[in-house]
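Down below is the structure, laid out as structure tokens.
Each reported figure results from applying straightforward, stated rules to the coordinates on display, with no laboratory input. Here the structure is a predicted model, which is why all the values come from computation and not from measurement. Using ideal geometry, Cβ is built from the backbone for each residue, glycine included, and neighbour counts are taken over all protein chains shown.
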Amino acid sequence: MAAENVSGVQDRPRGLFSRFYASMSPRLDEEGLAELREELLAPLAGAVVEVGAGPGGNFARYPSGVVSVIAVEPEPYLRGLAGAAAGDASVPTTVHAGVAEALPLPDSCADGVVFCLVLCSVPDQIAAATEAARVLRPGGIVRFLEHTRAEMRGLRTVQRVADATVWPLLTGGCHTCTDPVAALREAGFVVDDVRRLRFPADRFTQPSTPHVLGTARLPG
């Protein structure tokens with residue numbers, strides 16, 4: 001299905017980085033991201049909102065229990081690629097313009113929300129998590145795979161220096177020393193399933209190597 005552009009929604013163009021990211025995505029999948037995507041999406045069912053869909057790398061991997069995906073992507077070039085990828089998606093998928101902090105969607109419209117390598121570039125992670133809570137129905141879940149701050153003090157220092165200097169300029173606004181789990185909890189979620197991991201596992205350690213994968217739920 002073609003991408004849908006919602007008038008009045010803020011775009012966040014990333015110029016050269018969006019093209020670099022799209023070109024490197026197949027390599028990342030080969031290095032293990034494809035398997036992580038499968039693990040990320042496997043628990044989902046019903047109507048799903050994917051926030052920051054990038055070029056649509058998740059679309060072909062949604063399980064059969066998912067009946068529809070509404071993907072939101074603020075970067076125009078990546079949104080175009082996602083719109084093309086929606087045509088080969090495993091479930092009916094539409095792609096919209098929009099930002100994580102102000103999703104162009106009604107309240108209580110989803111059974112699941114996906115954050116996949118996106119919160120690192122969102123200026124306000126708590127606002128994004130709060131929006132996820134708004135669009136979820138009672139009993140809905142957030143599944144997330146995100147960069148996170150390192151447990152080791154030395155690497156955490158490297159992350160902070162990188163985030164304060166060249167890293168965001170080279171990586172489309174990515175900040176590595178963030179805590180998406182804390183942001184989800186601040187927005188009212190219970191994070192009852194989280195796994196820390198290295199990705200890519202077989203390459204030298206970078207500021208972006210530490211990741212978390214897990215589930216967040218709204219209490220009650």
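Counted as membrane-span-like here are DSSP H helices of the chain whose alpha-carbon atoms extend 15 Å or more along the helix's own axis and whose Kyte-Doolittle mean is 0.0 or above; these are 15-28, 125-135. Cβ crowding within 10 Å ranks Arg153, Arg61, Arg198 as Arg153, Arg198, Arg61, fewest other Cβ atoms first. Computed over the chain with a Gaussian network model linking Cα atoms closer than 10 Å, the most mobile of Gly173, Gly140, Gly15 is Gly15.
Suppose a student asked you for the relative contact order of the stretch 3-217, using Cα pairs under 8 Å spaced at least 6 residues apart; what percent would you report? It rounds to 19 percent for the stretch 3-217.
First check a/c for the stretch 29-123, with a ≥ b ≥ c the square roots of the eigenvalues of its C-alpha gyration tensor; if it is under 1.5, answer rounded, and if not, answer prolate when a/b is larger than b/c or oblate otherwise. Don't skip to the answer; put the middle values down first.
Numbers: a/c = 1.34, a/b = 1.10, b/c = 1.21.
Note, shape of the stretch 29-123 comes out rounded.
Taking a ≥ b ≥ c as the square roots of the eigenvalues of the alpha-carbon gyration tensor, the stretch 32-82 is classed oblate because a/c is 1.5 or more while a/b is no larger than b/c.
Largest GNM mean-square fluctuation across Arg19, Arg196, Arg79, computed for the chain with C-alpha springs under 10 Å, falls on Arg19. Return the whole-Å distance between the Cα centroid of the stretch 160-220 and the Cα centroid of the stretch 86-143. Taking the Cα centre of the stretch 86-143 as reference, the centre of the stretch 160-220 is 17 Å away.
Shape class of the chain from the Cα gyration tensor (axes a ≥ b ≥ c, square roots of the eigenvalues): rounded, since a/c falls below 1.5. Between Ala97, Leu184, Ala150, whose Cα lies farthest towards the positive end of the dipole of the stretch 3-217 when Lys and Arg beta carbons carry +1 and Asp and Glu beta carbons carry -1, centred on the Cα centre? Of the options given, the answer is Ala150. Placing +1 on each Lys and Arg Cβ and -1 on each Asp and Glu Cβ, with no other charges, gives the stretch 42-136 a dipole about its Cα centre of roughly 180 debye.
For n ≥ 4 DSSP H runs only, could you compute -39500 (n - 2.57) per run for the chain, divide by its residues and tell me the 222 nm figure to the nearest 500?
-8500 deg cm²/dmol
In a reduced charge model with +1 at each Lys and Arg Cβ and -1 at each Asp and Glu Cβ, the chain shows a dipole moment near 460 debye about its Cα centre.
Note on the chain: GNM, Cα springs under 10 Å; of Phe189, Phe204, Phe144, the largest mean-square fluctuation is that of Phe204.
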